[in-house]
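If you scroll down you'll find the structure; I have some questions about it.
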Amino acid sequence: MDSRTQYLKQLEQQWENLTITSDIMFGMVMENEKICLELIQRSLPELNIKSISKVILQKQINGPISSRTIRVDIFVRDDRQRTFAIEMQVANRHNLPFRLRYYQQQIDFDILNVGDSYEKLGGYPTYVIMFCDFDYFGLGWSKYEFENCCLDNPELKLGDKRRIIIFNAKATRFHGNMKLRGFLQLMENTVEEKDQLVSDIQAEMKRIREDPIRRHGFMKYELDLMDARSEGQVEGTIQTLQRLGYSQEQIITEVEKTYGVSKAKTMDLLNRLSK
């Protein structure tokens, strides 16, 4: 069995084992606007959200030319122009507050065009919602919520209409109007059968796994990534061998032996690198 065939079998298994914490599965499930709306409503019940616009997956947000681009898992607005950026975070990279700070800044860049008044932002309240499979703050809470307020009087709000909500799937304490316990438990692979949102998500994941078009798209995406990584490795090897003074024939032999790349493909890469 060659490496590509073996990798295809691994991808098939990976597809069958995708959970809601996978960016890919989370995004595809949230394409179902009914489920996405319910998740947002439960995240922020006090907003009384009635409807949402088209769900945008992996939205790329560009700030100034020199700034770092971000991709938001789910980007959606409701009928009152409130913006919701939703992210699934599995790995704790110990930089969550700074990541969130940058997200909020970039979202404002996406709203405000050149020449617009700052007052325009007042019509676009923003909510960044993070579902984390780790407890960043270590208090065991199910939900951490932040707004800018006065240090001397926390009741005095800055009023910049930005809010950050962080949900913790590792929670040991559920408090307040918490309607996402079932979803957070689902992130931990525990299914609450009586929770309608959980049931809807389970059914949607089953439908997605059985969809041949979705399956093919996933496989193609992962294979394209593998090919891009492999080609990058081959190019790096060719450049190293060139610096070491290997002849063209020696390079072709080494690349074929190491990566199984044909002579014609190696020649194509050599020609491309020489330009």
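Return the residue satisfying two criteria in turn: it lies in the stretch 210-259 and is more than 13 Å from Leu270 (Cα to Cα), aromatic (Phe, Trp, Tyr) and out of contact with any Ser or Thr (no Cβ under 8 Å at 6 or more places or on another chain), and of such residues it is surrounded by the most Cβ atoms within 10 Å (Cβ to Cβ).
Phe218
If you don't mind, there's one more thing I want to ask. What are the residues in the stretch 18-32 that are open to solvent by 10 Å² or more (accessible area, probe 1.4 Å) and either aliphatic (A, V, I, L, M) or not in a helix (DSSP H, G or I) (or both), if any?
Leu18, Thr19, Thr21, Ser22, Ile24, Met28, Glu31, Asn32
Give just the number: which of (1) open to solvent by less than 60 Å² (accessible area, probe 1.4 Å); (2) part of a helix (DSSP H, G or I); (3) within 18 Å of Asn189 (Cα to Cα) does Gln41 not satisfy?
In the conditions (1) open to solvent by less than 60 Å² (accessible area, probe 1.4 Å); (2) part of a helix (DSSP H, G or I); (3) within 18 Å of Asn189 (Cα to Cα), Gln41 misses (3) alone.
Which is among the aliphatic types (A, V, I, L, M), open to solvent by 20 Å² or more (accessible area, probe 1.4 Å), at pLDDT 90 or above and more than 13 Å from the chain's Cα centre (by Cα), of Ile35, Ile52? Let's see the steps before the verdict.
Details: Ile35 fails: open to solvent by 20 Å² or more (accessible area, probe 1.4 Å).
After ruling out the rest, the residue left standing is Ile52.
Here is a follow-up. Restricting attention to the stretch 177-192, report how many residues are in contact with a helix residue (DSSP H, G or I) (Cβ under 7 Å, 6 or more places away or on another chain) and assigned to a loop (DSSP other than H, G, I, E, B). Step through it out loud before you land on a result.
Just the residues of the stretch 177-192 that are in contact with a helix residue (DSSP H, G or I) (Cβ under 7 Å, 6 or more places away or on another chain), to begin with: 177, 179-180, 182-183, 186, 191-192.
Retained after the next criterion (residues that are assigned to a loop (DSSP other than H, G, I, E, B)): 177, 179-180, 191-192.
Qualifying residue count for the region: 5.
Right, here's the next one. Scan the stretch 119-135 and tell me whether some residue there is in a loop (DSSP other than H, G, I, E, B) and more than 30 Å from Ser199 (Cβ to Cβ).
yes
Return the residue satisfying two criteria in turn: it lies in the stretch 62-101 and is of a type in the set (Phe, Trp, Tyr) and closer than 27 Å to Glu38 by Cα, and of such residues it is modelled with the highest pLDDT.
The residue in question is Phe84.
While we're here: Yes or no: Ile111 of a type in the set (Val, Ile, Thr), open to solvent by less than 30 Å² (accessible area, probe 1.4 Å) and at pLDDT 95 or above? Even if it seems obvious, please write down each step before you answer.
Numbers: of a type in the set (Val, Ile, Thr): yes; open to solvent by less than 30 Å² (accessible area, probe 1.4 Å): yes; at pLDDT 95 or above: no.
Answer is no for this residue.
Answer yes if at least one residue in the stretch 93-102 is closer than 23 Å to Val55 by Cα and not charged (D, E, K, R), and no otherwise.
Yes: the stretch 93-102 contains one or more residues that are closer than 23 Å to Val55 by Cα and not charged (D, E, K, R).
Would you confirm, using the coordinates I've provided, whether Leu11 is farther than 17 Å from Met130 by Cβ, open to solvent by 10 Å² or more (accessible area, probe 1.4 Å) and either modelled with pLDDT of 90 or more or part of a helix (DSSP H, G or I) (or both)?
Considered against the rule, which asks whether it is farther than 17 Å from Met130 by Cβ, open to solvent by 10 Å² or more (accessible area, probe 1.4 Å) and either modelled with pLDDT of 90 or more or part of a helix (DSSP H, G or I) (or both), Leu11 comes out as no.
Does Arg93 meet the test of being open to solvent by 30 Å² or more (accessible area, probe 1.4 Å), of a type in the set (D, E, K, R) and assigned to a helix (DSSP H, G or I)? Give the derivation first.
On the way: open to solvent by 30 Å² or more (accessible area, probe 1.4 Å): yes; of a type in the set (D, E, K, R): yes; assigned to a helix (DSSP H, G or I): no.
The answer is no for Arg93.
Where the second residue is open to solvent by 60 Å² or more (accessible area, probe 1.4 Å) and the first is small (Gly, Ala, Ser) and lies in the stretch 226-250, which pairs have Cβ atoms under 9 Å and are six or more apart or on separate chains?
Taking only residues 6 or more apart or on different chains, the pairs are Ser230/Tyr259.
When Asn168 is evaluated against the numbered criteria (1) among the polar types (S, T, N, Q); (2) modelled with pLDDT under 95; (3) within 30 Å of Pro125 (Cα to Cα), which criterion, by number, is the only one it fails?
The failed condition is (2).
Tally time: how many residues in the stretch 153-176 are within 19 Å of Glu38 (Cβ to Cβ) and either open to solvent by 60 Å² or more (accessible area, probe 1.4 Å) or not in a strand (DSSP E or B) (or both)?
Total satisfying the criteria: 3.
I would also like to ask the following. If only one of Phe131, Phe174, Phe137 is within 24 Å of Asn48 (Cα to Cα) and modelled with pLDDT of 95 or more, which one is it? Give the derivation first.
Values: Phe174 fails: modelled with pLDDT of 95 or more; Phe137 fails: within 24 Å of Asn48 (Cα to Cα).
The match here is Phe131.
Then there's this: Can you name every residue in the stretch 114-138 that is free of Cβ contacts under 8 Å to residues at least 40 places away in the same chain and either touching a strand residue (DSSP E or B) at 6+ places or on another chain (Cβ under 7 Å) or buried (at least 17 other Cβ atoms within 10 Å of the Cβ) (or both)?
Selection gives Asp135, Phe137.
Further question on the same structure: Considering each residue of the stretch 190-209, count those that are open to solvent by less than 60 Å² (accessible area, probe 1.4 Å) and among the polar types (S, T, N, Q), and give that number.
1
The values are calculated or read from the model by the stated rules, or taken from the named source; none is laboratory data. None of these values were measured; they are calculated from a predicted model. Virtual Cβ from ideal backbone geometry, glycine too; neighbours counted across all protein chains shown. Remember, those area values only see protein heavy atoms, side chains included, never the ligands or the DNA or RNA. Shrake-Rupley method; radii C 1.70, N 1.55, O 1.52, S 1.80 Å.
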